[in-house]
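Submitted below is the structure of interest, expressed as structure tokens.
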Amino acid sequence: MPGAGKEDRSRSVPWTLLRITGEVVEVVVWDSDPVLPVARASDAGRVGQHGLEIVMAVAQGVEARREPVGKRSSERRRKSIGPMPIRAVQFTVPTRGGAAR
């Protein structure tokens with residue numbers, strides 16, 4: 001995303017952006033690892049690595065793409081928790097270390 005994304009990428013600090021606009025919730029995650037995520041077949045006996053399975057089950061759209069440094073993954077969905085008084089909100093949070101913005 002403009003601003004925080006460029007700044008954080010230069011320091012290689014992973015970040016997560018949450019944007020709520022109207023009835024749409026978008027979550028974008030960036031990190032410096034260039035390996036794209038791959039959803040695995042469901043396996044109740046597997047410990048961990050179920051995150052992408054869960055996101056794909058509830059999202060209306062999922063995208064992952066390589067960037068000049070690392071990768072960016074995003075998902076979009078309609079809010080299903082009822083009306084919210086906030087019309088739009090956006091914030092970026094470093095995933096590990098650093099201060100929230």
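Quick one: is Arg96 loosely packed, with under 10 Cβ neighbours inside 10 Å and at pLDDT below 80?
Here the answer is yes, as Arg96 does meet what is asked.
Would you mention how many residues in segment 4-38 are out of contact with any Lys or Arg (no Cβ under 9 Å at 6 or more places or on another chain), assigned to a loop (DSSP other than H, G, I, E, B) and modelled with pLDDT of 85 or more?
1
Does Pro68 satisfy being modelled with pLDDT of 85 or more, surrounded by 11 or more Cβ atoms within 10 Å (Cβ to Cβ) and in a loop (DSSP other than H, G, I, E, B)?
It is false that Pro68 is modelled with pLDDT of 85 or more, surrounded by 11 or more Cβ atoms within 10 Å (Cβ to Cβ) and in a loop (DSSP other than H, G, I, E, B).
Here's something else I'd like to know. Which number in (1) open to solvent by less than 50 Å² (accessible area, probe 1.4 Å); (2) at pLDDT below 80 marks the one condition that Glu75 misses?
Failing condition for Glu75: (2).
The values are calculated or read from the model by the stated rules, or taken from the named source; none is laboratory data. These numbers come from a predicted model, not from an experiment. Glycine gets a Cβ as well: all are built from the backbone with ideal geometry, and neighbour counts include every protein chain shown. For accessibility, only protein heavy atoms count, side chains too; no ligands or nucleic acids. Shrake-Rupley method; radii C 1.70, N 1.55, O 1.52, S 1.80 Å.
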